[in-house]
Amino acid sequence: MGEEPYLLTPGPLTTAASTKTAMLKDWGSWDDDFKAVSKEIRTRLVAMCGGEAEYDCVLMQGSGTFSVEAALASFIPKDGKALILMNGAYGQRSAKTLDYIGRAYVTLDKGDYLPPMPEEVDALLTEHKDVTHVVVVHCETSSGILNPVKAISDVVRRHGRKLIIDSMSAFGAVPLDVSEIPFEVMVSSANKCIEGVPGFGFLIARKDALEAAKGNSHSLSLDVHDQWVYMNKTGQWRFTPPTHTVVAFLEALHLHEAEGGVQGRLARYTNNRNVLVSGMRSMGFETLLEDAWLSPIITTFFSPNDPNFEFGRFYKEIKSRGFIIYPGKLTVADSFRVGCIGLLDQTVMEGVLRAIKESCEAMGVKNFAPPDGVK
Ligand SMILES: *Cc1c(COP(=O)(O)O)cnc(C)c1O
């Protein structure tokens, strides 16, 4: 496996050899051994956010978006109304999802890279008394910003509304504990910070909210209540589970625990981010975000203002040196992103810095700063 490039992307990402080899066996989805795997995963995920007393975990086939859609459809009743806090592609996707499933909503749209602030949420909840649920993205992966979820949660609680968190790219590496942030439901997936392979998502929700979700969903396959009841009754998934992915995920959870759980992972990813950002800045690159908002998940850099810089060529040069980076997703300026999650350490981050430097030399790029006026 030595020839694979490292994935400096927000998932799918570079996984451990033991996670990959866990997939070399076939499982019967109804068999007790596989049921025990699903059960252990659910128990471990609930424990990861301290939710043993009041929360349960539901696993859901598909990519992360399927689970976000399942959550929005199942937890926001047909006569409910959401406030969606948007500052990038994933907040926008939640709004689009509500258009599809026919739920009312209002938005706070902060554009590409500014955080939704608690005072703004406070004002909107005061204005819109009919809002029942607030939807927030924990780490908005399109810019890499870490949104102030704790402060937003406090405001939502004070107003007696319910909080839905898309913690897809943060859960497992950024602490999210129900004693601090008593969310209604949070959503994440197998191929982000737990470092599994893609194929399913998971929701952690209050048990009373799971009970109340009955009959809300427009979709059979995405009905969280139905999946939950069936899993609890039979130990099985309602429809064919991605068995190999599920077994790999349990191995990934064991590795997560061995690394020291959420704190251990946070420490490694934070160091990855620090090595990356300081190395890039010392070459002359600039980050989109101020330090206060940088996540340990993924960092956006402005593309250099040099006539010789072209992202397609840059990508290929870096790939030929063994690393895969990620294109930018901004409307304000050209940019690219480098992820810090997955089985990456300081040596890998130093390797990608070298690859970026060599790639710029190969392209004849000399000016690394962004165009004037984008910052
Ligand atoms: C990855 C991600 C998703 C889900 O994306 P999929 O491509 O459907 O797995 C949702 N929200 C955020 C913040 C993400 O990073």
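Here, each number is a calculation from the coordinates, and none is a lab measurement. All of these numbers come straight from a predicted model, not from anything done at the bench. Quick reminder, even Gly has a Cβ in these numbers, built from the backbone with ideal geometry, and neighbours come from all protein chains shown.
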Point to revise | Label point distance in nm, residue 78-residue 366, each placed 7 Å from Cα along Cα→Cβ | key: 6.7
Review point. Taking the Cβ-Cβ separation of residue 177 and residue 345 as r and a Förster radius of 30 Å, what is the calculated FRET efficiency to the nearest 0.05?
Key: 0.70
Review point. Under a 5 Å amide H to amide H cut-off, with H placed in plane at 1.01 Å, what residues pair with residue 84 once short-range neighbours are removed?
Key: 106, 107, 108, 135
**Study point:** Computed over the stretch 68-112, Cα set: Rg, Dmax in Å
**Key:** 10.0, 30
Check your understanding: For the cross-link pairs 150/329; 233/329; 96/366; 39/214; 110/357, which exceed 31 Å when the distance is taken from alpha carbon to alpha carbon?
Key -> 233/329; 96/366; 110/357
**Study point:** Förster radius 45 Å - calculated FRET efficiency between residue 130 and residue 281 (Cβ-Cβ, nearest 0.05)
**Key:** 0.45
Study note, to complete from the structure: Correct semi-axes for the stretch 97-161, from √(5λ) of the alpha-carbon gyration tensor and rounded to whole Å with the largest first, are 19, 17, 10
Review point. Which values of log₁₀ I(q)/I(0), to two decimal places, follow from the Debye formula for the stretch 15-64 at q = 0.13, 0.31 Å⁻¹ with a uniform point scatterer at every Cα?
Key: -0.42, -1.10
Review point. Ordered by packing density, taken as the mean number of other Cβ atoms within 10 Å over each peptide's residues, highest first, how do 8-17, 322-331 rank?
Key: 8-17, 322-331
Practice item. Show that you can apply the helix-only estimate: for the chain, add -39,500 (n - 2.57) for every DSSP H stretch of four or more residues, divide by all residues, and state [θ] at 222 nm to the nearest 500. Key: -12500 deg cm²/dmol
Exercise for review: State to the nearest 20 debye the size of the charge dipole of the chain about its Cα centre, where the only charges are +1 on K and R beta carbons and -1 on D and E beta carbons.
Suggested key: 280
Practice item. Please work out how much length the chain gains when fully extended from residue 254 to residue 32, using 0.36 nm per residue of separation minus the C-alpha to C-alpha distance, in nm with one decimal. Key: 77.9 nm
Practice item. Return a whole-number percent for the relative contact order of the chain, with Cα pairs under 8 Å and 6 or more residues apart as the contact set. Key: 24
Check your understanding: Which of the lysines could a cross-linker bridge to residue 129, judged by Cα under 20 Å and excluding same-chain residues fewer than eight apart?
Key -> 78, 81, 162
Practice item. Could you compute the FRET efficiency for residue 290 and residue 221, with r as their C-beta to C-beta distance and R0 at 45 Å, rounded to 0.05? Key: 0.60
Practice item. Within the stretch 97-116, which residues have the backbone N less than 19 Å from the label spot 7 Å out from residue 331 along Cα→beta-carbon, could you tell me? Key: 97-99, 106-116
Point to revise | Label-point separation in nm, residue 109 to residue 214, each point 7 Å along Cα→Cβ | key: 3.9
Check your understanding: What is the stretch 213-302 by shape, rounded, prolate or oblate, if you read a ≥ b ≥ c off the alpha carbon gyration tensor as root eigenvalues and call it rounded for a/c under 1.5, prolate for a/b larger than b/c, and oblate otherwise?
Key -> prolate
Check your understanding: If you project the alpha carbons of the stretch 1-136 onto the principal axes, what extent comes out on each, in Å, largest first?
Key -> 55, 37, 30
Study note, to complete from the structure: Unit-weight point scatterers at every alpha-carbon of the stretch 287-375, Debye formula, q = 0.13, 0.17, 0.22 1/Å: log10 I(q)/I(0) is -0.42, -0.74, -1.22
Check your understanding: Ratio of Rg to Rh for the chain, alpha carbon only, Kirkwood?
Key -> 0.98
